[in-house]
Amino acid sequence: MKHNLVVLYDYYGSLLTDNQQRIFEDTYFNDYSLAEISEINNVSRNAIHKQLKSIEEKLSLYEDQLGLLKKREEIIKAIKDDNLISKIDHLI
């Protein structure tokens, strides 16, 4: 099950190294290209590409093992009050 990586990052980003967090944030939040990130980090574009793939796999692995997003979705499905669901989604 492929999850939105940004949502997974919200849940599990703190489990990544500082460098992994910077690369993810530069890619997904700052909209930097791989070339720009590689220049900032003084490594090859291919190294950044490999690192980014590794980060994406780790985030998916954390969800597979810990299941926080899945548990959240199950709780929301169990709630029958649409107003309450809307409030929860707004908070999250």
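Just so you know, all these numbers are worked out from the coordinates, no wet-lab data involved. Nothing here was measured: the structure is a model prediction, and the numbers come from that model. Note that we place each Cβ from the backbone using ideal geometry, even for glycine, and neighbour counts take in every protein chain shown.
Converting the Cα gyration tensor eigenvalues of segment 5-66 into ellipsoid dimensions via √(5λ) gives semi-axes, longest first, of 21, 11, 9 Å.
Taking trypsin sites (Lys or Arg not before Pro) in DSSP loop states with no more than 10 other Cβ atoms inside 10 Å as exposed sites, the chain has its longest site-free stretch at 3-79.
Just flag the chymotrypsin sites (Phe, Trp or Tyr not before Pro) in the chain sitting in loop per DSSP whose Cβ has no more than 13 other Cβ atoms within 10 Å. Here the chymotrypsin sites (Phe, Trp or Tyr not before Pro) that fit, given the DSSP loop and packing criteria, are PHE29. Proximity of backbone amide H atoms, modeled 1.01 Å from N, is registered between GLY67 and no other residue at under 5 Å, excluding neighbours fewer than 5 places apart on the same chain.
Modelled label positions at ALA35 and ARG22, each set 7 Å beyond Cα in the direction of Cβ, lie 2.2 nm from each other. A Cβ-based charge dipole, computed about the Cα centre of the chain with Lys and Arg at +1 and Asp and Glu at -1, lands at about 280 debye. Over the chain, DSSP H runs of length four or greater, each weighted -39,500 (n - 2.57), average out per residue to a 222 nm ellipticity of -23500 deg cm²/dmol. In plain terms, the residue of ILE48, ILE79, ILE88 with the fewest other Cβ atoms within 10 Å comes first and the most crowded comes last, giving ILE79, ILE88, ILE48.
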